[in-house]
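Written below as structure tokens is the structure these notes are about.
The values are calculated or read from the model by the stated rules, or taken from the named source; none is laboratory data. This structure is a prediction, so every number in the text was calculated from the model and none was measured. In this analysis, Cβ positions are derived from the backbone assuming ideal geometry, glycine residues included, and neighbour counts consider all displayed protein chains.
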Amino acid sequence: MKRKLLFFGLIATFPFLFAGVLDQQYVILGWNDLGMHCANKNFSKMAILPPYNNLKVQIIQKGDASTMPMVLTTGYSVTYEVPGNTYSDGKTNFWTYVNQLFGVSPAPNIGLTGVGLTGNMDMLNNHFHVEGIPLTPYPDSDLVNEHPYQLALMKAFDAANNLIGQTRNVIPVSAEISCVSSGCHGSEQGILNAHESVTGFNANGPNLCASCHADNALGTTGTPGTPIFSKAIHGKHGGYTNNCYKCHPGPNTQCYRDAMKTAGFTCQDCHGSVAQVASSITAGRQPWLQEPSCSSATCHGSAYAPEPNLLFRQSKGHGGLFCSACHGSPHAIVPTTQPNDNLQNITYQGWAGKLALCSVCHGVTPNMPGPHGAMPTAVNEIEGSIATDNSFVSVYPNPANDGQVNLQFQLKDPGNYKVLVFDINGRQKAILAHQDFSAGQYSMKLNTLAFAKGTYIARLSGKAGTFTRKFLIE
């Protein structure tokens with residue numbers, strides 16, 4: 001049976017997901033700013049992090065053949081909620097100790113920024129956001145077992161308060177950060193006892209670690225002469241373990257779950273060992289504010305750089321969209337191993353993975369390269385074909401002089417493959433496909449109007465190897 005794959009995915013497999021989605025006037029994209037937010041469950045002795053979660057949303061008015069998509073804010077509003085998780089006080093004792101720890105007294109179920117588990121998101125520049133949602137990992141129906149990947153529901157309204165769209169996204173939270181549950185310490189009181197020589201230390205608790213140890217995540221400056229929290233923790237434990245899941249949740253939560261994890265990358269590949277995290281802070285790095293970048297020469301390169309002086313989670317790119325709007329959050333870059341992370345993009349384009357079907361926002365298939373040189377190229381499986389090996393079969397016409405070139409390749413070994421175009425100097429110019437393929441022969445048509453005249457190389461690469469074809473555009 002003949003199949004047609006539009007830019008990274010198999011649309012025909014998911015027709016039921018498209019009804020009422022791609023014909024809508026608006027696209028609502030939401031995300032959490034991090035792959036995981038952590039919070040203590042018990043605050044009676046010590047507090048590393050409070051209940052504190054963030055959500056962001058962008059509203060896009062779809063384009064058409066003559067109109068570009070637009071990111072909308074003025075005249076629109078967005079609400080948020082976490083269905084099935086309606087309260088937090090009682091699921092944690094945070095509100096019993098919040099004044100001693102943070103010097104404020106919010107009402108039960110209200111977080112440090114004054115927001116609750118439901119409400120209106122604030123408009124900021126070209127997006128909507130809410131910061132400090134006091135969520136726990138315990139839904140109302142299960143107060144014993146953690147559910148770290150719950151779904152938030154964000155609804156968008158126009159000026160007349162008409163619902164124009166909604167989306168669901170993971171709002172991740174885990175209380176597995178406990179130093180005791182990690183198997184390292186026998187009790188939290190034992191940790192406090194190890195600080196008995198510190199002047200003014202509350203030997204019985206509660207203590208906010210960041211009140212003495214500066215912590216950029218909480219915006220505290222700490223006590224002069226006391227090491228930064230991240231340096232103190234990584235420096236102290238670096239000689240004992242290189243297992244990040246001892247603290248960053250965790251053996252049960254498995255917060256690092258994204259496309260890079262699936263590809264075989266470890267925490268240490270980007271951040272270094274536990275000891276190296278500490279030594280980098282000694283060398284001047286500011287934890288939380290300075291982190292590994294996608295644009296590193298050993299990673300994706302300059303074509304994937306975040307905005308100057310900003311991290312990936314803070315950066316915008318194509319059309320003013322946040323990088324996370326299409327790719328997901330740090331440590332949860334889609335597709336992930338958690339089904340809930342993938343729901344939004346499956347709903348809009350029919351498959352898991354980064355939002356890559358251009359017509360979702362444009363309403364039509366553009367004929368120009370998109371973000372990172374991605375081309376909205378249709379990939380067709382040749383009906384009845386049999387692959388005898390893995391190779392590029394042909395690129396024609398060659399030279400190409402009528403605004404279009406046809407590429408044909410075959411795959412005997414199914415798997416995930418990329419089809420890229422490079423110029424003669426080895427610079428990547430376009431992504432034609434990056435997806436899972438079954439065995440068979442495939443063809444695609446590349447619109448060459450956006451390319452300068454010259455020699456180019458089409459490259460097919462995957463687990464079966466790398467195969468190239470050279471072609472000329474006149």
Task: Options Thr79, Thr74, Thr136: the member that is in a strand (DSSP E or B) and within 26 Å of Ile28 (Cα to Cα) - done: Thr79
TODO: Kindly indicate whether Gly239 is more than 23 Å from the chain's Cα centre (by Cα), on the phi > 0 side of the Ramachandran plot and assigned to a loop (DSSP other than H, G, I, E, B).
DONE: no
Open item on the list: Any residue at all in region 398-407 that's exposed (fewer than 15 other Cβ atoms within 10 Å of the Cβ), in contact with a Ser or Thr (Cβ under 8 Å, 6 or more places away or on another chain) and of a type in the set (Val, Ile, Thr)?
Closed with: no
- [ ] Residue by residue through region 277-323, note down the ones that are over 21 Å from the mean Cα position of the chain (by Cα) and either surrounded by 14 or more Cβ atoms within 10 Å (Cβ to Cβ) or in contact (Cβ under 8 Å) with a residue 12 or more places away in the chain (or both).
- [x] Val277, Ala278, Ser279, Ser280, Ile281, Thr282, Arg285, Gln286
TODO: Kindly list the number of the only condition in (1) in a loop (DSSP other than H, G, I, E, B); (2) touching a residue at least 40 places away in the same chain (Cβ under 8 Å); (3) in the same structural domain as Val78 (by TED's automatic domain parsing) that fails for Ala217.
DONE: (3)
- [ ] Tell me which residues, restricted to region 41-68, are among the polar types (S, T, N, Q) and touching a helix residue (DSSP H, G or I) at 6+ places or on another chain (Cβ under 8 Å).
- [x] Asn42, Ser44, Gln58
Task: Residues (among the hydrophobic types (A, V, I, L, M, F, W, C), closer than 20 Å to Asp389 by Cβ and in contact with a Lys or Arg (Cβ under 9 Å, 6 or more places away or on another chain)) located in region 421-456 - done: Ala433, Ala439
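Conditions tested, residue by residue: (1) within 26 Å of Cys358 (Cβ to Cβ); (2) in contact with a His (Cβ under 8 Å, 6 or more places away or on another chain); (3) not in a strand (DSSP E or B).
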| residue | (1), (2), (3) |
| --- | --- |
| Asn380 | yes, no, no |
| Ala387 | no, no, yes |
| Leu432 | yes, no, no |
| Thr455 | no, no, no |
| Phe471 | yes, no, no |
Open item on the list: If I filter region 164-174 for residues that are under 27 Å from the mean Cα position of the chain (by Cα), of a type outside the set (Phe, Trp, Tyr), assigned by TED's automatic domain parsing to the domain that holds Phe43 and assigned to a loop (DSSP other than H, G, I, E, B), do I get at least one hit?
Closed with: yes
Task: Failed criterion for Leu449 (all others in (1) in contact (Cβ under 8 Å) with a residue 60 or more places away in the chain; (2) in a loop (DSSP other than H, G, I, E, B); (3) in the same structural domain as Pro69 (by TED's automatic domain parsing) hold) - done: (3)
Task: Of residues in region 337-370 being of a type in the set (Ser, Thr, Tyr) and farther than 19 Å from Lys56 by Cα, the one surrounded by the fewest Cβ atoms within 10 Å (Cβ to Cβ) - done: Thr337
Task: Check on Gly328, modelled with pLDDT under 95, assigned by TED's automatic domain parsing to the domain that holds Asn54 and touching a helix residue (DSSP H, G or I) at 6+ places or on another chain (Cβ under 8 Å) - done: no
Task: Criterion: surrounded by fewer than 18 Cβ atoms within 10 Å (Cβ to Cβ), modelled with pLDDT of 95 or more, within 21 Å of the chain's Cα centre (by Cα) and within 26 Å of Gln314 (Cβ to Cβ) - qualifying residue of Leu135, Leu153 - done: Leu153
TODO: For region 60-71, name all the residues that are surrounded by 13 or more Cβ atoms within 10 Å (Cβ to Cβ), touching a residue at least 60 places away in the same chain (Cβ under 8 Å) and not in a loop (DSSP other than H, G, I, E, B).
DONE: Ile60, Val71
- [ ] Please go through region 72-113 and pick out each residue that is on the phi > 0 side of the Ramachandran plot and either out of contact with any Ser or Thr (no Cβ under 7 Å at 6 or more places or on another chain) or surrounded by fewer than 17 Cβ atoms within 10 Å (Cβ to Cβ) (or both).
- [x] Gly75, Gly84, Gly90, Gly103
Open item on the list: On the basis of being in a helix (DSSP H, G or I), within 24 Å of Leu34 (Cα to Cα), under 29 Å from the mean Cα position of the chain (by Cα) and modelled with pLDDT of 95 or more, does His147 make the cut?
Closed with: no
Open item on the list: Can you tell me which of (1) at pLDDT 95 or above; (2) surrounded by 21 or more Cβ atoms within 10 Å (Cβ to Cβ); (3) among the aliphatic types (A, V, I, L, M) is the one Met46 doesn't meet?
Closed with: (1)
